[in-house]
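K.L.:
Okay, handing you the structure first.
The values are calculated or read from the model by the stated rules, or taken from the named source; none is laboratory data. What you are looking at is a predicted structure, and each value in this text was computed from that prediction instead of being measured. Quick reminder, even Gly has a Cβ in these numbers, built from the backbone with ideal geometry, and neighbours come from all protein chains shown. Keep in mind that these areas ignore ligands, DNA and RNA; they rest on the heavy atoms of the full protein, side chains included. Shrake-Rupley method; radii C 1.70, N 1.55, O 1.52, S 1.80 Å.
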Amino acid sequence: MKQLSYHSRFILVLLFTLLSTLPICSQAATPRYRIAACDWMMLKRQKLGEFKLAHELGADGVEVDMGGLGKRVLFDNQLREPQQAEKFQAAARQYDVAVPSMAMSGFFAQSFLTRDNYQDLLKDCFQTMKLFGSKVAFLPLGGSGKDWQQEGCAAYLQMVSRLRTAGEMAKQEVSRSPSVSEPEWELSLIRNC
């Protein structure tokens with residue numbers, strides 16, 4: 001058997017190396033999902049350490065909770081205070097962690113149907129979203145029970161009405177914020193509610 005020359009071996013090794021890196025190169029061009037973690041699920045509800053922890057976990061973002069509700073009129077939202085909001089924004093920048101969404105987890109235990117000031121709570125969330133450029137608000141309905149799930153009953157109609165109001169309020173907030181673009185499918189969802 002004839003032995004390969006130095007140049008032939010070099011070319012084969014180079015070719016093998018290049019071919020073996022092709023899957024790696026193609027993976028880099030493939031888009032990936034961005035991952036955010038909920039601060040209250042990390043036991044860091046509205047705590048500055050949530051950004052460092054998210055960074056250490058390799059998350060792209062943190063869903064910041066609006067704070068507890070309990071017997072309060074508004075969420076226990078410390079981000080209403082400008083100095084506190086600035087600290088959170090600085091921590092997000094420092095750790096290169098986005099705040100893509102805000103959560104109103106207080107509604108896991110409180111009924112969205114029975115809160116007379118639900119619009120004030122939504123406004124509070126929308127204002128906080130603006131501070132971080134967030135485009136998603138999480139509104140759990142778990143605290144509202146199951147009665148509203150029966151189509152046509154009074155609780156169902158009230159829930160639909162409140163969700164329409166929430167959609168209209170969100171639509172108005174988007175129209176006031178020229179930097180936020182609203183995808184067409186979101187507009188159709190709001191129109192069809």
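K.L.:
Here's a check for you: in segment 106-128, which residue that is part of a loop (DSSP other than H, G, I, E, B) and either within 21 Å of residue 44 (Cβ to Cβ) or not charged (D, E, K, R) (or both) is farthest from the chain's Cα centre (by Cα)?
P.N.:
Ranking the candidates gives 114 first.
K.L.:
When you look at residue 140, is it closer than 20 Å to residue 59 by Cβ and either at pLDDT below 95 or not hydroxyl-bearing (Ser, Thr, Tyr) (or both), yes or no? Even if it seems obvious, please write down each step before you answer.
P.N.:
Working: closer than 20 Å to residue 59 by Cβ: no; either at pLDDT below 95 or not hydroxyl-bearing (Ser, Thr, Tyr) (or both): yes.
No, not satisfied.
K.L.:
Related question: Does segment 164-173 include one or more residues that are open to solvent by 40 Å² or more (accessible area, probe 1.4 Å) and in contact with a Lys or Arg (Cβ under 7 Å, 6 or more places away or on another chain)? Don't jump to the end; show me each part of the working.
P.N.:
Step one: of segment 164-173, the residues open to solvent by 40 Å² or more (accessible area, probe 1.4 Å) are 164, 168, 171-172.
Narrowing the set further to residues that are in contact with a Lys or Arg (Cβ under 7 Å, 6 or more places away or on another chain) leaves none.
Taking every residue of segment 164-173 in turn, none turns out to be open to solvent by 40 Å² or more (accessible area, probe 1.4 Å) and in contact with a Lys or Arg (Cβ under 7 Å, 6 or more places away or on another chain).
K.L.:
What number of residues in segment 136-158 are touching an Asp or Glu at 6+ places or on another chain (Cβ under 9 Å), of a type outside the set (Phe, Trp, Tyr) and surrounded by 15 or more Cβ atoms within 10 Å (Cβ to Cβ)?
P.N.:
1
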